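Written below as structure tokens is the structure these notes are about.
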Amino acid sequence: MTAHAQVPSVPSQAESKTALVIHGGAGYVPRDAEAERAARADLGRALDAGNAVLSAGGTALDAVQAAIVVLEESPRFNAGKGAVFNARGGHELDASIMEGHTRRAGAVAGVTTVRSPITLARTVMEHSPHVMLAGEGAEAFADSRPEIERVPNDWFDTDHRRKALEKAQRQAAAGDENPGQYFGTVGAVALDKHGHIAAATSTGGMTNKKWGRIGDSPVIGAGTWANDNCGVSGTGWGEFYIRNAVAHDICARVAYRGDSLAEAAEEVVNRIVPAAGGDGGAIALDREGNIAMPFNTGTMYRAWIRPDGSRGVAIFEE
């Protein structure tokens, strides 16, 4: 028998592709040059953090977490440090993360002392038998994990979110219960060199929310979804994203109908959701590195790096 030397495998083009898309939330934001510069800088830092993981051969799961942690630390977005206030003047934070090729997922809802909800969501995925933990149970689980950093609830306070709460409460007292105070949710979807996709979302929810309200961000299939060919993170009026299983529906249209990623995302975000009475946006990424970023709210903070290395940051309909 003749021995054959082992020939090193050469990564295929599909294996060598990486891509990353992130968002900092949909919703109407008036033009403010200084605020725009600061938000763009934070989006750029988050993009760099996630791309550094991918460039080093890391996983899509690590990349989306790295990007979101940066955004959670920024006071400019409705997640982590910049989370909105609930009706009682506190903060309740939600997050979820999903790995497409394994369908592993983790989520937390209504946490109040966890500095990085996305990190806790991943810990739920990897170190518990569950997918979602909420409220006191999520906090108790965090107690059992020494790697989870805790902070007092007022650590999340910011002056501009306090003013937004006061405005919302004045409007509510005048009979205007418009819940459209939800912009700023953050999310990320990544494709790694192995062709694997992960998606993640983190939020403080809606300004002046009551009764422990939970939106779509921690709900797998609504605000976050990933399979082996598609990943989505949503941002918008969460009740409508839950009712229409928005994140899953986008990927299902790609898988079952053969829609392109752009067609699927456009149909769900800009037709299905508005027809139901909601609004918002989403970021989506497929295994070929195609990116879709539809929204119908006037603005959506977003940034991306495509497989060819080109990158961009945008806020308005540019």
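The values are calculated or read from the model by the stated rules, or taken from the named source; none is laboratory data. All figures in this text were calculated on a predicted structure; none of them were measured in a lab. Ideal geometry is used to build each Cβ from the backbone, glycine not excepted, and the neighbour counts take in all protein chains shown. Ligands, DNA and RNA are stripped out before the accessible areas are found, and what is left, the full protein with its side chains, is counted by its heavy atoms. Shrake-Rupley method; radii C 1.70, N 1.55, O 1.52, S 1.80 Å.
Explain nothing, just the number: relative contact order of the stretch 192-318, from Cα pairs under 8 Å at least 6 residues apart, as a whole percent. Write down the numbers at each step before the final one.
Values: 242 pairs, mean separation 23.8, N = 127.
Relative contact order of the stretch 192-318: 19 percent.
GluC sites (Glu not before Pro), restricted to the stretch 104-193: which are DSSP loop and have at most 13 other Cβ atoms within 10 Å?
Details: sites: 126, 136, 139, 147, 149, 166, 177; in loops: 147, 149, 177.
Passing both the DSSP loop test and the Cβ count: 147, 149, 177.
May I have the pair-distance distribution P(r) for the stretch 180-275, computed from all Cα-Cα distances with 10 Å bins from 0 and rounded to whole percent?
17, 48, 27, 7, 0
How large is log10 of I(q)/I(0) for the stretch 59-218 at q = 0.18, 0.20 Å⁻¹ when the intensity is taken from the Debye formula with one equal scatterer per alpha-carbon?
For the stretch 59-218 at q = 0.18, 0.20 Å⁻¹, log10 I(q)/I(0) is -1.00, -1.18.
Pick from 121, 284, 275: which is most flexible by mean-square fluctuation in a GNM of the chain where alpha carbon atoms under 10 Å apart are linked?
275
Using only the alpha carbon atoms of the stretch 85-176, find the Kirkwood hydrodynamic radius as the inverse mean reciprocal pair distance, in angstroms to one decimal. Could the numbers behind the result be given before it?
Details: mean 1/r = 0.0698 Å⁻¹.
The answer is 14.3 Å.
Scattering from the C-alpha atoms of the stretch 235-300 alone, worked out with Debye: what is log10 I(q)/I(0) at q = 0.11, 0.17 1/Å?
Ignoring solvent entirely, the Cα scatterers give -0.21, -0.51.
At a threshold of 8 angstrom on Cα-Cα distance, excluding pairs fewer than six apart, so keeping six or more, what relative contact order does the stretch 237-308 reach in percent? Before the final figure, lay out the partial values.
On the way: 82 pairs, mean separation 19.0, N = 72.
Contact order relative to length: 26 percent.
Can you list the aspartates and glutamates whose alpha carbon sits under 20 Å from that of residue 193, skipping same-chain ones fewer than 8 residues off?
15, 48, 62, 99, 228, 286, 288, 308
Would you calculate, for the chain, the mean residue ellipticity at 222 nm contributed by helices, counting each DSSP H stretch of 4 or more residues as -39,500 (n - 2.57) and dividing by all residues, to the nearest 500?
Details: 10 runs with 99 residues, N = 318.
Computed mean residue ellipticity for the chain: -9000 deg cm²/dmol.
List the lysines whose alpha-carbon lies under 27 Å from that of residue 163, not counting same-chain residues fewer than 8 positions away?
81, 209, 210
For the stretch 14-148, what is the Kirkwood hydrodynamic radius in Å, using each pair of distinct C-alpha atoms? Walk me through the intermediate numbers first.
On the way: mean 1/r = 0.0628 Å⁻¹.
Averaging 1/r across every pair of different Cα atoms and inverting gives 15.9 Å.
Of all the accessible heavy-atom surface of the stretch 120-215, with the other protein chains kept in place and a 1.4 Å probe, what percent is carbon and sulfur?
Working: 2390 of 4600 Å².
On the stretch 120-215, the fraction of accessible area on carbon and sulfur atoms equals 52 percent.
Which helices pass in the chain if a helix is a full DSSP H run, must span at least 27 angstrom along its long axis by Cα, and must have mean Kyte-Doolittle hydropathy not below -1.0?
Working: long enough: 33-55 (32 Å, -0.11).
Sorted by number, the helices that extend far enough and score high enough are 33-55.
What are the ³J(HN,Hα) couplings of the stretch 211-226, residue after residue, when phi is run through the Karplus curve with 6.51, -1.76, 1.60 and θ = phi - 60°? Round to Hz, x for glycine and proline.
Those phi angles translate into 6, x, 3, 10, x, 7, 4, x, 8, 5, x, 9, x, 9, 7, 8 Hz.
About its Cα centre, how strong a charge dipole does the stretch 162-318 have in debye, to the nearest 20, once Lys and Arg get +1 and Asp and Glu get -1 at the Cβ?
Values: 16 positive and 18 negative charges, 127 e Å.
Roughly 620 debye for the stretch 162-318.
Express the relative contact order of the stretch 20-143 as a whole percentage, based on alpha carbon pairs under 8 Å and six or more residues apart in sequence.
On the way: 186 pairs, mean separation 19.9, N = 124.
Relative CO of the stretch 20-143 lands at 16 percent.
Given +1 on the Cβ of Lys and Arg, -1 on the Cβ of Asp and Glu, and no further charges, what dipole in debye does the chain carry about its Cα centre, rounded to the nearest 20? Show your work: numbers first, answer last.
Numbers: 31 positive and 39 negative charges, 44 e Å.
That gives a dipole near 220 debye.
Could you report the chain's accessible area per residue, 1.4 Å probe, as an integer in Å²? Could you put the intermediate results ahead of the total?
Working: 13430 Å² over 318 residues.
Using a 1.4 Å probe on heavy atoms only, each residue of the chain averages 42 Å².
Based on the Kirkwood radius over alpha-carbon pairs, what value in µm²/s does the Stokes-Einstein equation return for the translational diffusion coefficient of the chain at 4 °C and 1.567 mPa s? Don't skip to the end; give the middle numbers.
Details: Rh = 19.2 Å.
Reported coefficient: 67 µm²/s.
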